[in-house]
1. Exactly one of (1) in contact (Cβ under 8 Å) with a residue 24 or more places away in the chain; (2) aliphatic (A, V, I, L, M); (3) assigned to a helix (DSSP H, G or I) is unmet by ALA96. Its number?
2. Under the condition of being in contact with a helix residue (DSSP H, G or I) (Cβ under 9 Å, 6 or more places away or on another chain) and surrounded by 14 or more Cβ atoms within 10 Å (Cβ to Cβ), which residue from the range 58-70 is nearest to TYR106 (Cα to Cα)?
3. If ASN79 meets every condition in (1) surrounded by 12 or more Cβ atoms within 10 Å (Cβ to Cβ); (2) more than 12 Å from the chain's Cα centre (by Cα) apart from one, which number is that one?
4. For the range 33-61, give me each residue that is over 19 Å from ASP102 (Cβ atoms) and in contact with a Cys (Cβ under 7 Å, 6 or more places away or on another chain).
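Derivation of every value follows stated rules applied to the coordinates shown; laboratory data play no part. Since we're looking at a predicted model, the values are computed, not measured. A quick note on method: Cβ atoms are made from the backbone with ideal geometry, for glycine too, and the neighbour counts reach across all protein chains shown.
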Amino acid sequence: MKKIVVFAMFLMATISFAQNKNAKASLEVDGVCMMCKDRIEKACIKTKGVKSANWNVETHELKLIYNEEKTTLDDIKKNIVAVGHDLKDMKATDEAYNSVHDCCRYRDDDVKKDHE
């Protein structure tokens with residue numbers, strides 16, 4: 001019995017120390033303009049545990065710093081697609097995409113050309 005208790009305590013300590021309070025991630029997020037940048041970054045920052053979110057308009061790279069004890073990368077991704085932006089492995093619903101401003105319609109080739 002004593003061995004089980006010691007093992008359980010060891011396991012709990014390992015799990016709690018395994019999470020990173022300053023985890024870094026980089027994601028590719030579709031968008032075309034500064035309005036998209038605002039929307040993407042706000043969706044991330046509103047996620048509990050996200051400390052920093054910076055999306056680059058030209059490269060479409062989103063750099064994140066977040067606390068793994070408070071959120072997961074999947075939760076952050078879900079919040080991004082919920083505001084209408086696609087990721088490599090997750091697509092926004094048509095309803096969410098259609099909610100973005102007309103100049104932010106990154107799936108439309110004409111809109112992409114206008115932002116070049």
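1. Status for ALA96: all satisfied but (1).
2. So the residue we want is LEU62.
3. The failed condition is (2).
4. Hits for the range 33-61 are VAL50, ALA53.
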